[in-house]
């Protein structure tokens, strides 16, 4: 059965022509090779595409940033041009401008005469505000061209005295502030022009005209918070949104500005390119390339299969002739089938095959030439769009090729430079020898080196203007000569920035006030010359550790993360030290200020105030002398009466011991009462140092009420006490607060003489406003105070009484303010007056017995 099955299979296989078997084998081999090579080639092409994509994205980001910075420079130029306009110059030299103006003049619906209609504008963008500052940088005139609020005064404070442009985030959105001074004919600054331009969607689109429509979005990025401040397509990318929410949809590239004259925060320029479009482009390229490879593979498989088919057919025909010869000569049959005239069919197909192969070769050659052309165009475009000037010269320094940037930078036409010596045309006479030495060094580069070390030269343009550049030379080894590609980078702005950095570095050392920097280990890493008294006080030097107490203060400041202020007294000097933490860098800056004279002046002021308060107390006591004498006379009279009664009883021999003891006890009580009156009078009149003690506000009010009780009764004034049910602890200068309340109460008693006796009521109220404030109200039913008098009630030397000094209420307000409190008055004519005193308290204060 096995033999029968095998013979049956061979008989079926023999029916298939040999040429078709060869075709089938060729196709299977081609498919197998395709399955093996296709993933490898696709992966390699994907890596090449990804690398090229990164290069293109980086170039796109640099191009968009360059256009944005060029647009900022256009605004700076526009501001300078507008500041030199004859209308504006004449306006700041006019008498109206010289006259003093209390408030800035604002134009909203009308355009000022000094500004031409439609100006200033750069493209389709106009500033939201046009501001004029005077010579002292104060805001004088503001033209609101757009209904957009902006803190003009705050922005004006940032003017450094030099013309320029500032990119800022001062008002919840990015703005460009362009500043330019306006000088008189003698070169003196008369005013400053400030343009405020919102960096919004229109601004960004205007700066990136070629970006719109290709799926790219540009914007400004707050690098510290990773927030997009604005974008050129706010429908697709929202402003003030987190950058992280767009990273799934866009490829994001952020770059710092190359010119740092504008930025007061860490603002970067961001370019966002749609991932979907990039992926679609990648898929299209890979699919197209795969189709081309598939077609090429199919063509090659078909070609080889047809070739095998021809060979097999010829072999089949040869075998057929051998079979016939064998049958005729040897009378045996070969196992070869007679398939008819297959040779002619195969020969015709082979002729067509060669024609197709020729056409395919022509197509491949045309595609190769197209790729070479596209590559040359791409290289030429990259050369012309480079930000640096690129010039190719031969070994004699003769110009062979230049890019567009070099033409624009130096002002020469390309045709003029070609064939000329770059040394004679562009290099300054003082640097020509060094330039020749650079080319000579590049000719003899050591093995493995690809470029010479960059050197700085001075160049001249078509007008003779000098520009410092950094020159890098790269040799190009041709078949019969060596060329040099020179990369010339303008470094004038970089040198300017370096000079500014050096100037800023000297700022702290030149500061007349102490400036120190302490790291998180308490080590002094920097101290300027003015810090010498502080270092002497601490007994340490630079790079040494602060004393333990101050080291702990530094660590606490880093922990809380906000500024703290302390005072330090050292050998006749008092310093105010501001500790400013830089948490992210782990150090604290200490800014010192000598406040010796300030504290001395404050001490003198407190002494003068204390003396004035004492004078007022003595004056008050003089006014109350009659009442005090009457109040003191009562216990003295009682003492005399009790003593006389005791004497009479003893002389008469009548009265028991108990009655005499009781009389003597009454004498003691009345003597203590008189002593208390004298003690209270001494405490009010006597001079005491300023000292704050813990008292119960209710007891203080009762003390004042008892002090004026005689005067109130004499003037028929009813005193009503409405005190808080709980104790009200306050830490105050007892004598000064008593003086304030005494002034208010006596003023109320005197005012109540103007109304009927039945209406003379004076109410003293105490209450607790909240955990940190208590209140005292002195409320009378007098005639009230007119509005004219209310305006000057607390002014010094203002009095409504004929004999008054006018200092009582002024001193009272100063005393309350020194206690961090407040005093105010409300009054209605015919319905009385209410004085309110608010004093600070603390939940931690506790009264004994409460």
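Each reported figure results from applying straightforward, stated rules to the coordinates on display, with no laboratory input. Please read all numbers here as calculations on a predicted model, not as lab measurements. Here the Cβ is made from the backbone with ideal geometry for all residues, glycine too, and neighbour counts use every protein chain on show.
Give me the tail of P(r) for segment 22-301 as a percent: Cα-Cα pairs with distance above 23 Å.
Summing the P(r) of segment 22-301 above 23 Å gives 62 percent of all pairs.
Counting other beta carbons within 10 Å of each Cβ, put 157, 117 in order, fewest first. Let's see the in-between values first.
Values: 157 10, 117 5.
The fewest-first ordering by Cβ neighbours comes to 117, 157.
Quick check on the exposure proxy: order 121, 194 from fewest to most C-beta atoms within 10 angstrom.
Least to most surrounded, the residues fall as 121, 194.
What ranking, highest mean first, results for peptides 511-519, 293-301, 559-567, 816-824 when packing means the other Cβ atoms within 10 Å averaged over each residue?
511-519, 816-824, 293-301, 559-567
Quick one: Cα centre-to-centre distance for segment 818-836 and segment 697-716, in angstrom?
Going from one Cα centre to the other spans 19 Å.
Take the Cα atoms of segment 750-799, build their convex hull, and give its volume per residue in Å³.
114
Return the equivalent ellipsoid semi-axes of segment 506-594 as a descending list in whole Å, where each equals the square root of 5 times an eigenvalue of the C-alpha gyration tensor.
Equivalent-ellipsoid dimensions as semi-axes: 19, 14, 13 Å.
If each residue's Cβ is checked for other Cβ atoms within 10 Å, how do 704, 23 rank with the fewest at the top?
By the 10 Å Cβ count, ascending: 23, 704.
Could you tell me, in Å, what Rg and Dmax come out for the Cα atoms of segment 388-498?
Cα only, segment 388-498: 13.5, 44 Å (Rg, Dmax).
Given an 8 Å cut-off on Cα distances and at least 6 residues of separation, report the relative contact order of segment 18-174 as a percent. Present the calculation step by step, with values, prior to reporting the outcome.
Details: 94 pairs, mean separation 24.7, N = 157.
It comes to 16 percent, rounded to a whole number.
Among 60-68, 751-759, 85-93, how do they line up by average Cβ neighbours within 10 Å per residue, starting with the highest?
60-68, 85-93, 751-759
Determine Rg/Rh for segment 32-84; Rg is computed over alpha-carbon atoms and Rh is the Kirkwood hydrodynamic estimate from the same atoms.
1.56
Mind listing the Cα extents of segment 811-850 along all three principal axes, in Å, largest one first?
Principal-axis extents of the Cα atoms in segment 811-850, largest first: 43, 24, 14 Å.
If you bin every alpha carbon distance in segment 691-850 into 10 Å steps from zero, what whole percent lands in each bin?
10, 40, 36, 12, 1
Ordered by packing density, taken as the mean number of other Cβ atoms within 10 Å over each peptide's residues, highest first, how do 241-249, 774-782 rank?
So the peptides 241-249, 774-782, ranked by packing, come out 774-782, 241-249.
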